[in-house]
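Visitor: After the structure tokens below, expect a handful of questions from me.
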Amino acid sequence: MKTIAVATLGCKVNQCESASFASSFAQAGCQLVPFSGRADVYVINTCAVTGRAGQQSRQLIRRAIKTNPEARLVVTGCYIQMAHQSVLGLTDQPLCLLGNSFKHLVVASALAENDCDLTVLMDNIGLKKEITTLPVSRFPDRTRAFLRIQDGCNNFCSYCIVPYTRGRSRSLPLAQVLEQAAVFVRQGYLEVVITGINVGKYGLDLAEGENLVSLLARLCQNFPGIRFRLSSVEPTEVDDPLLNLLAGQPNFMPHLHIPLQSGDDTVLQKMNRRYRAADYARVVDLVHRTAPHAAIGCDILSGFPGETGQAYDNTRSLLAELPVTYLHVFPYSRRTGTLAATMINQVPASLNEERVRGLRALDRRKRVHFHRHHLGSLQMVLVERRNPQSGLLQGFSENYLPVVFAGSADLQGSVLPVRLCRLQGDAIFGSAEQSRLEIMPGKR
């Protein structure tokens, strides 16, 4: 029995792909082991969205080499797609480098009997017309499943390397989406997160007549016992059909993550974002009026080249006024190959660190305000884990409130009604109102 260690960096799409690798390894009779230990094969699914992600990718490769110099090493993902030459000098041991178009060959490459002294499978991913099929049987150690419906991006934001590493937008055919959802139902999952690189473009490259909203509606209707959550959607893709689904479909979770990146129109234009601050404000207001209890998340990219103090103030002021409930704040990272990397007036790191701190402080205030607003309410919470130190259960409500409460370990994987009682720091403490409603098989 071969031992396999899989490490994953980056986005939910990478997590879906690595779950597919793990599923196939398990079906082949392999034993999955922690990446920190010794294994026969190491698989690293890399990321390139930031400079730090590239650095972490190289560190994982070196760690695997150090842990077992005799192991087969299979490296894939966005960092390999953009910089595979930089990996070749890291080691003299057998090495398999597979670009994003060849992820369906990861397991076969890992388990091949022949020695892969050096295998490099790369192509021009920008010419790829179809999505790579990577079915998943289950997500190890996860209560929620992620369903990848789309890959690639056509937006070419000036700071982003992803269109060059993932290619153009490509959608998973409807039948395969429904079959993957059915697999998760058979495995006992109660929540499925719909994800992709740019999910709002789902279906536009297919001749099936489906789009994101029609797909979500079909999933919610076909699988009424499953909570469906959308990972992220562009502000230009929030329209009346999506809002109607948000308001009217009980198993479509009241939670939208809508990237802003900047609240300054000049910066947005330089970023090649296709909206302005007023457009974003209008979208958030529509969501809030449609579903006042819904969580609205937001991505912010701080320190974009040429971002002035006034531009930063515009972003912070806009966010302070809007009913967004949490922020994901990222410092701008210069990525070779993007238009922004060549721009003048790069913001000094020390100044940007100060701006990031200010935005993250605003994030904390937004979260506390949203949490406090829901105290006393009864929320349906999916129990994700039991904290080994405190013994308390932890989970998320339909509108993405993180809740902790007392209960037995066998409640993991169940959906429970929980009364939200008090705040303590960033934690919401609740009390379960009655026994479990549903529970995942195998979680007892």
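Visitor: Which order results if 307, 70 are arranged by neighbouring Cβ count within 10 Å, fewest first? Each step should come with its number before you reach the end.
Guide: Details: 307 25, 70 8.
So the ranking, lowest neighbour count to highest, is 70, 307.
Visitor: So which chymotrypsin sites (Phe, Trp or Tyr not before Pro) in the stretch 156-263 pass both tests, a DSSP loop state and at most 15 other Cβ atoms within 10 Å of the Cβ?
Guide: Values: sites: 156, 159, 164, 184, 189, 202, 228, 252; in loops: 156, 159, 189, 202.
For chymotrypsin sites (Phe, Trp or Tyr not before Pro) across the stretch 156-263 that sit outside H, G, I, E and B with at most 15 neighbouring Cβ atoms in 10 Å, the list reads 156.
Visitor: Evaluate the charge dipole of the chain about its Cα centre and quote only its size in Debye, nearest 20, assuming +1 on the Cβ of each Lys and Arg and -1 on the Cβ of each Asp and Glu.
Guide: Working: 48 positive and 37 negative charges, 172 e Å.
Result for the chain is approximately 820 debye, rounded to the nearest 20.
Visitor: With an 8 Å Cα cut-off and a minimum separation of 6 or more residues, compute the relative contact order for the stretch 128-253 in percent.
Guide: Values: 202 pairs, mean separation 30.8, N = 126.
With pairs under 8 Å counted, the relative contact order is 24 percent.
Visitor: Which whole-number percent gives the relative contact order of the stretch 378-432, counting Cα pairs below 8 Å spaced six or more residues apart? Working shown, then result.
Guide: Details: 122 pairs, mean separation 19.5, N = 55.
Contact order relative to length: 35 percent.
Visitor: When the chain is fully extended, how far beyond the present Cα-Cα distance does residue 32 get from residue 343, taking 0.36 nm per residue of separation? Each step should come with its number before you reach the end.
Guide: On the way: separation 311, 0.36 × 311 = 111.96 nm, distance 4.48 nm.
Once the chain is fully extended between residue 32 and residue 343, it gains 107.5 nm.
Visitor: Going down the list 12/270; 66/201; 129/366; 66/129; 66/366; 201/366, which pairs span over 32 Å between their C-alpha atoms?
Guide: Numbers: 12/270 27 Å; 66/201 42 Å; 129/366 41 Å; 66/129 39 Å; 66/366 44 Å; 201/366 30 Å.
Exceeds cut-off: 66/201; 129/366; 66/129; 66/366.
Visitor: Measuring from label point to label point, each 7 Å out along Cα→Cβ, what is the residue 204 to residue 88 span in nm?
Guide: About 3.7 nm separates the two model spin labels.
Visitor: Further question: By counting other Cβ atoms within 10 Å of each Cβ, how are 383, 136 ranked from fewest to most?
Guide: So the ranking, lowest neighbour count to highest, is 136, 383.
Visitor: Restricting to the stretch 128-253, what percent of DSSP beta bridges are antiparallel, rounded to 5? Could you put the intermediate results ahead of the total?
Guide: Numbers: 2 of 11 bridges.
Just about 20 percent of them are antiparallel.
Visitor: Which whole number in µm²/s is D for the stretch 3-123 by Stokes-Einstein, with the Kirkwood Rh taken over Cα pairs at 10 °C and 1.306 mPa s? Intermediate results must be reported in sequence, preceding the final value.
Guide: Working: Rh = 13.9 Å.
For the chosen part, D equals 114 µm²/s.
Visitor: Here's another thing I want to ask about it. Be a star and scan the stretch 124-163 for residues whose amide nitrogen sits under 13 Å from the point 7 Å along the Cα-to-Cβ vector of residue 272.
Guide: Within reach of a label on residue 272: 153-163.
Visitor: Taking a spot 7 Å from the Cα of residue 377 along the direction of its beta carbon, which residues of the stretch 308-338 have an amide N less than 15 Å from it?
Guide: 323-326
Visitor: Per DSSP H run of at least 4 residues, take -39500 (n - 2.57); add these up for the chain, divide by its residues and hand me the 222 nm value, nearest 500 deg cm²/dmol. Spell out each step's value before the answer.
Guide: Details: 12 runs with 147 residues, N = 444.
Calculated mean residue ellipticity at 222 nm is -10500 deg cm²/dmol.
Visitor: Given the chain, what percent of its DSSP beta bridges are antiparallel, to the nearest 5? Please report the intermediate quantities before stating the final value.
Guide: Details: 23 of 65 bridges.
The answer is about 35 percent antiparallel.
Visitor: I would also like to ask the following. Within the stretch 250-269, whose backbone N sits under 18 Å from a point 7 Å along Cα→Cβ of residue 351?
Guide: Taking a point 7 Å out along Cα→Cβ of residue 351, the residues of the stretch 250-269 whose backbone N falls under 18 Å are 262-268.
Visitor: At a 10 Å Cβ-Cβ cut-off, how would you order 1, 380, fewest neighbours first?
Guide: Values: 1 8, 380 16.
Listed from fewest to most nearby Cβ atoms, that is 1, 380.
Visitor: Using Cα pairs under 8 angstrom and six or more residues apart, how large is the relative contact order of the chain, in percent? Walk me through the intermediate numbers first.
Guide: Details: 912 pairs, mean separation 43.7, N = 444.
Dividing the mean separation by the residue count of the chain yields 10 percent.
Read-outs throughout are calculated quantities, based only on the coordinates presented, and are distinct from any laboratory measurement. These numbers were taken from a predicted model, which means no experiment stands behind them. Virtual Cβ from ideal backbone geometry, glycine too; neighbours counted across all protein chains shown.
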